[in-house]
Amino acid sequence: MFYREAGQYKTSYEADQALFPIRQDLVGIGVILLVAFVVIPLTANDFFLASIMIPFLVFSLAAIGLNVLTGFCGQLSLGTGAFMGVGAYAAYKLTTIFPDVNVVFLVLLSGFFAAFIGAIFGLPSLRIKGLYLAVTTLAAQFFLEWCFIRIPWLYNYNASGAIEIPKREMFGVVVSGAEATPLARYFVVLSITVAIAFLIANVLRGRIGRSWMMIRDMDIAAELMGIRPLQTKLMAFAVSSYICGVAGAMMVFFWLNAAEPSSYSITLSFQILFMVILGGLGSLGGAFLGAAFIWILPVALKFIPGAIGIEIGAETVEHLTFMVVGALIIFFLIVEPHGFARLWQIAKQKLRVWPFPY
Amino acid sequence: MNAFVAKDELPQSVPATNSDVLLRVDNVSLAFGGVKAITDISFDILKGEIRAIIGPNGAGKTSMLNVINGFYHPQEGTITWRGSVRSKMRPYEAASQGIARTFQNVALFKGMTTLDNIMSGRSLKMHRNFFWQLLWRGPAEREEIEHRRKVEDIIDFLEIQAIRKTPVGRLPYGLQKRVELGRALAMEPELLLLDEPMAGMNLEEKEDMSRFILDVNQEFGTTIALIEHDMGVVMDLSDRVVVLDYGRKIADGSPEDVQKSQAVIDAYLGVSH
């Protein structure tokens, strides 16, 4: 009833190729941005911003990064955590060497280091496909983690072996380090995530995005259409690692304040991969939904017993959360193996023809 | 031998000389280990003709197409493309030189829409780099629209307007074959290789496809090399036919000549020894 594009005629290819060709989608995304940029900062408390929204946005961006590689280019990777780590350590070294340069600029710059490393570890993808490629990216994961532990230069020879983010200001506002307010961090993280999501959406609907999907769907046919497999795959690795690197740098600069090598372990890689699979391979919106499910749901579940007046121990709540989230993951994968993005599409299709079944 | 039906309709109709040969295959042999797929085959494809390659199953027809578009590299023999001997090349190089093909088993990009599939055929002609693509507004969008117009022409030509935004995985088989032809046409090829374009189609779909192939040949002047098992289609459409059996060429000539050839009859019907 309220989601129906009947009567919205497109008279130009510009309108037909727009990012949100249906007016309701455009309004919807406007409302979401309004809530994110205005309503949440005005109403939310520090806990909500620091423990829910900031990590959610960081994970969303990382999931977008992995989605570019796995969902759009079809190359399975388990090195996401390490590529995020490369971004984090690169940003840390950059801000150590250039303390006066804007920290947001350095975070965005650090992604290029991750892109470079990602492209190198993407080289085997020319010969190896599927699960075997995942194993070679696993090598990246362990090698890079080893670097973070064994090369003291990377963490400025700290006794703790961890990187601690110094205080950095932007336009007179402290945005990183322990003194930064959650609100300032939130705005930085939100802006970067929205900007990168928007830019990558542009790439995905154009020539380059199509060439990635060609490789994903039928690599032999893609090559016969004139796509160079190596360049295309390496570009996907580089772009994906860039985004993951920026997400990793944001993770330590604007959320954790300090990180050790184990922050970027294989566990993180799997977490991001689950977000992508649950959210829906090959969907940017799905990356946000998957991140919300994996990160926000457990936090929310921990508060439910207290909120409805049941007194149970903290560790019991923890275990219950694990069980509930695990069961829900299995449930959703059985209901819709293509993830939340597909569920959302089905819901939209149903709305479109409502009140009729088809 | 020289009954070139389509050639007479070409504007620049000149007697067949070497300059009219678009692609020539000389003494090509291809083996996979001990299995000889192609043995010492020579033939040529003239500019503007429809050339059929036929033969019983396992005769080496598809291997021949794979050799032509660079997917396989023959151990012996040469391939001359537009007058110059072609060195060993990758398939994407063949594509950039103007060779397009369709596949025996539909090889569309299943997750993409019909429109995106046909747009993918324009990949080689689009050049805006990553940073323009990031911005979208401006050059990247203009380029996209310019190619979209060409693609829409193909969609009109193939009468598939209604399925423009449908993911091809959901289309029936006959339409998928048509989209695949559209994708190859979007490359604006000089030589179009069709691997069993009518396989698994009903009579009506075959007639549609035959009409499209003739239109492509006559209106766009595209040279076509065609593998097909439906002999009625082959004899009606093609200007010249080359017949393979067990990796060897057993006949070459006009459809009428080939039909009369004893070797061809033996290959298809079998002989008592």
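Residue by residue along B:86-93, Cβ atoms of other protein chains within 10 Å of the local Cβ number 3 on average.
Given +1 on the Cβ of Lys and Arg, -1 on the Cβ of Asp and Glu, and no further charges, what dipole in debye does region A:166-237 carry about its Cα centre, rounded to the nearest 20? Intermediate results must be reported in sequence, preceding the final value.
On the way: 9 positive and 5 negative charges, 19 e Å.
That gives a dipole near 100 debye.
Using only the Cα atoms of the protein assembly as shown, each taken as one equal point scatterer with no solvent, compute I(q) by the Debye sum, divide by I(0), and report log10 of the ratio at q = 0.06, 0.07, 0.08 Å⁻¹. Debye intensities relative to I(0), on a log10 scale: -0.42, -0.55, -0.69.
For the residue pairs A:Lys129/B:Lys110; B:Lys36/B:Lys260; B:Lys125/B:Lys177; A:Lys93/A:Lys167, the alpha carbons lie more than 26 Å apart in B:Lys36/B:Lys260. Report summary: the helix-based calculation at 222 nm, which adds -39500 (n - 2.57) for every DSSP H run with n ≥ 4 and divides by the residues of chain A, gives -20500 deg cm²/dmol.
Neighbouring Cβ atoms within 10 Å as the yardstick, rank A:Ile149, B:Ile224 fewest first. All intermediate terms of the calculation are to be shown ahead of the outcome.
Working: A:Ile149 14, B:Ile224 24.
Listing A:Ile149, B:Ile224 from fewest to most nearby Cβ atoms yields A:Ile149, B:Ile224.
Of the options B:Leu237, B:Gly33, B:Thr222, report the single residue whose Cα projects farthest towards the positive end of the charge dipole of chain B (beta-carbon charges: Lys, Arg +1; Asp, Glu -1). Sorting the options by dipole projection puts first B:Gly33. With both labels modelled 7 Å from their Cα along Cα-to-Cβ, the A:Glu318 to A:Val173 distance reads 3.5 nm.
Our estimate of slack between A:Ile22 and A:Phe143, defined as 0.36 nm per intervening residue step minus the Cα-Cα distance, is 38.9 nm. Computed about its Cα centre, the charge dipole of region A:22-264 is approximately 640 debye, with only Lys, Arg, Asp and Glu carrying charge at their Cβ.
Rounded to the nearest 500, what is the 222 nm mean residue ellipticity of chain B from helices alone, with -39500 (n - 2.57) per DSSP H run of 4+ residues and division by all residues? Mind showing how you got there, number by number?
Values: 11 runs with 103 residues, N = 273.
Calculated from helices alone, the mean residue ellipticity at 222 nm is -11000 deg cm²/dmol.
Sorted on the mean count of surrounding Cβ atoms within 10 Å across their residues, most packed first, peptides A:89-101, A:184-196 read A:184-196, A:89-101. With the cut-off at 30 Å, report for region A:22-264 the share of all Cα pairs above it, as a whole percent. Result for the distance tail: 30 percent.
Listing A:Ile308, A:Ile151, A:Ile243 from the residue with the fewest other Cβ atoms within 10 Å to the one with the most, what is the order? List each step's numbers first, then the result.
Values: A:Ile308 7, A:Ile151 10, A:Ile243 31.
Ascending number of Cβ neighbours within 10 Å: A:Ile308, A:Ile151, A:Ile243.
In plain terms, chain B is cut at each of the trypsin sites (Lys or Arg not before Pro) found in a DSSP loop with at most 14 other Cβ atoms within 10 Å, and the longest leftover piece is B:166-273.
Please work out how much length the chain gains when fully extended from A:Ile29 to A:Ile329, using 0.36 nm per residue of separation minus the C-alpha to C-alpha distance, in nm with one decimal. Walk me through the numbers on the way to the answer.
Numbers: separation 300, 0.36 × 300 = 108.00 nm, distance 2.64 nm.
Using 0.36 nm per residue and subtracting the Cα-Cα distance, I get 105.4 nm.
Per residue of peptide B:132-139, the mean number of Cβ atoms on other chains within 10 Å of the residue Cβ is 5. When each of the peptides A:224-234, A:60-70, A:133-143 is scored by how many other beta carbons lie within 10 Å of its residues on average, the order from highest to lowest is A:60-70, A:224-234, A:133-143. Each of A:Val203, A:Gly313, A:Leu284 was scored by the projection of its Cα onto the charge dipole of the protein assembly as shown, and the greatest displacement toward the positive side belongs to A:Gly313; charges sit on the C-beta of Lys, Arg, Asp and Glu. Annotation note: GluC sites (Glu not before Pro) in region A:100-190 located in DSSP loop regions with a Cβ neighbour count of at most 12 within 10 Å are A:Glu179.
Counting partner chain Cβ atoms within 10 Å of every residue's Cβ in A:208-217, what's the average? Show your work: numbers first, answer last.
Values: counts 9, 2, 9, 3, 0, 7, 7, 1, 4, 10.
Averaged over the peptide's residues, the number is 5.
Since every read-out is calculated from the coordinates, none of them should be taken as a lab result. No experiment lies behind these values; they were computed from the predicted model shown. Cβ: placed from backbone, ideal geometry, glycine included. Neighbour counts: every protein chain shown.
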